[in-house]
Amino acid sequence: MSDQPPSQKTWGGRFSEAASDLMQRINASISFDKRLWREDIAASKAHAAMLRDQGIVGQADAAAVLEGLDQISREFERDGVPERVELEDIHMTVEHRLAELIGPAAGRLHTARSRNDQVATDFRLWVRNACDEAVGAIHGLQRALVERAEDHADTVMPGFTHLQVAQPVTLGHHLLAYFEMLQRDVSRFSDARTRMNESPLGSAALAGTSFPIDRHEVADALGFERPTANSLDSVSDRDFALDYLTAASQCSLHLSRLAEELIIWTSQQFGFVKLPDAFSTGSSIMPQKRNPDAAELVRGHSGRILGCLTSLMVTMKGLPLAYSKDMQDDKEPVFEARDLLALSLEALAGMIETIEFVPQRMADAAALGFSTATDLADWLVREAGVPFREAHHITGRAVKAAEDRGCDLADLPLDALKEIDARIDERVFDVLSVDASVRSRTSYGGTAPERVREQVAAAKVDLGL
């Protein structure tokens, strides 16, 4: 009777002593790669069916393997995956349980494959699904943004540069800016999914196999476009995980920017937004506080997701071909990023759906800081034929005059404007109000309410609404 634990019986013929407890603990990954159990069973079933179809494994043994894998799937679904350190990982956990269920026939499953191509396949399947999940969750946030943008196509607010009031915009236009950011995130996840949709299974340890396998059959069974083309690259590639983390990082940056704006807008100094109780917390010492903790945590999660990308990039940067045990550390950062991104998207969608905007505070703020100055300059160019650089200078003098009088541009008397430049006439007041400024921005992609409604309609088509 061997004194080696079950997993070492798969590779321990070369060894005369069992691994130490410490070696088992540092070598084991079952505590986290158990998340791959569905993918491991699916890939094993596809592999077993191919071995049967190619006549490499007999019909009876293949049937026993497939039935046993289905039973394991039901057990794991019902009871969870057992964590036995001596079994090392999800692959040996499944294989060990299969042997308990069907006996020696279980050993035929590993014909023409290695744990190297096995884990590469399982992980690709998991990450591919994570891409699909991300796209679905992004669409949920986009729907919330589009619905609120439609409600507020006419709501005026200040547009900022350098966090200073720049020009008036509509709230609908502002919200749709995040819709566009998220559209790019969808494209990144979709592109990543396309690139990773190749099956490594059948590459074996690194050099392929001498068995007459059909890798295309396995790829088709698992929904891959094709098998990977190079066995060395197949088992050592983690670009698919880095692609996912890159897309997740970029998406999390967008979520962090939106969260930051909600945090600013809920402050007493801005007062643009009231957060519902469901997405706020209080203070243990200051009973008046309503803290935007959910938004702050989304902002914080972005840093952690970026850290996950950096972690895996550093792990992979110096690895020679083909597989190295360092790559066991590829999964935890991806799992963490997926969980954080999913939570952040769900939380922000909930906030956008339920926050209460305060249009009057927004409108009052939009009138501050001479936000229609550019409209005066544009009017001078359009109506008086003044070169823009000269118009810019004239407008600057008008702003100074309004500042000295303590009034807004729209409140300057016509004679005061004429003193600055005689070409100004009463028609200028048609563009100096905040509402007129917003209505005038009718260029494609502009903030005018009619343009916002067009973009809302286009976004609804994109989302299938």
Give a quick list of GluC sites (Glu not before Pro) in the range 194-255 that DSSP marks as loop, anything other than H, G, I, E or B, with at most 13 other Cβ atoms within 10 Å.
225
Reachable aspartates and glutamates, given that their alpha-carbon falls under 14 Å from the alpha-carbon of residue 418 and they are not under 8 places away in the same chain:
426
For the range 160-202, list residues with backbone N below 16 Å from a point placed 7 Å from the Cα of residue 220 toward its Cβ?
199
For the range 329-436, shape from the Cα gyration tensor axes a ≥ b ≥ c, cut at a/c of 1.5 then a/b versus b/c, turns out prolate
Counting only protein heavy atoms and using a 1.4 Å probe, what share of the accessible area of the range 103-174 belongs to carbon plus sulfur, as a whole percent?
46 percent
If the label point is 7 Å along Cα→Cβ of residue 310, which residues in the range 212-251 have backbone nitrogen under 15 Å from it?
246, 249-250
Within the range 130-150, name every residue whose backbone N is under 16 Å away from a label modeled 7 Å from Cα of residue 462 along the Cβ vector.
135-150
Looking at the chain, send over the antiparallel percent of its DSSP beta bridges, to the nearest 5.
80 percent
Please state the relative contact order of the range 146-217 as a whole percent: Cα pairs under 8 Å, 6+ residues apart?
22 percent
Tell me what the chain gives for mean residue ellipticity at 222 nm when only DSSP H runs of n ≥ 4 count, each as -39,500 (n - 2.57), the sum divided by the residue total, rounded to 500 deg cm²/dmol.
-20000 deg cm²/dmol
Under the rule rounded for a/c under 1.5, else prolate if a/b exceeds b/c, else oblate, using alpha carbon gyration tensor axes a ≥ b ≥ c, the range 76-129 is classed as oblate
Could you check how much of the accessible area of the range 355-406 is carbon and sulfur, as a whole percent, using a 1.4 Å probe?
52 percent
Whole-number D in µm² s⁻¹ for the range 19-88, Kirkwood Cα-pair radius fed into Stokes-Einstein, 25 °C, 0.890 mPa s:
180 µm²/s
What accessible surface, in Å², does a 1.4 Å probe find on residue 454, ignoring ligands, DNA and RNA and rounding to the nearest 10?
90 Å²
Once you sort the root eigenvalues of the Cα gyration tensor of the range 288-390 as a ≥ b ≥ c, which label holds: rounded (a/c under 1.5), prolate (a/b larger than b/c) or oblate (the other case)?
oblate
With a 1.4 Å probe and all protein chains left in place, how much accessible area per residue does the chain have, in Å²?
47 Å²
Quick one: Kirkwood hydrodynamic radius for the chain, alpha-carbon pairs, angstrom, one decimal?
26.5 Å
Rounded to two decimals, what is Rg over Rh for the range 212-353 when you use alpha-carbon atoms and the Kirkwood radius?
1.17
Evaluate the relative contact order of the chain (contact order divided by residue number), counting alpha-carbon pairs under 8 angstrom at least 6 apart; express in whole percent.
16 percent
Label point distance in nm, residue 450-residue 324, each placed 7 Å from Cα along Cα→Cβ
6.3 nm
Karplus 3J(HN,Hα) series, Hz, for the range 351-359 with 6.51 cos²θ - 1.76 cosθ + 1.60 (x for Gly, Pro):
5, 4, 5, 10, 5, 9, 7, 10, x
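The values are calculated or read from the model by the stated rules, or taken from the named source; none is laboratory data. Just so you know, these numbers come straight off a predicted model, no measurement behind them. Here Cβ is always computed from backbone atoms with ideal geometry, including for glycine, and neighbour counts include all displayed protein chains. Surface areas here come from the heavy atoms of the whole protein model, side chains and all, with no ligands, DNA or RNA. Shrake-Rupley method; radii C 1.70, N 1.55, O 1.52, S 1.80 Å.
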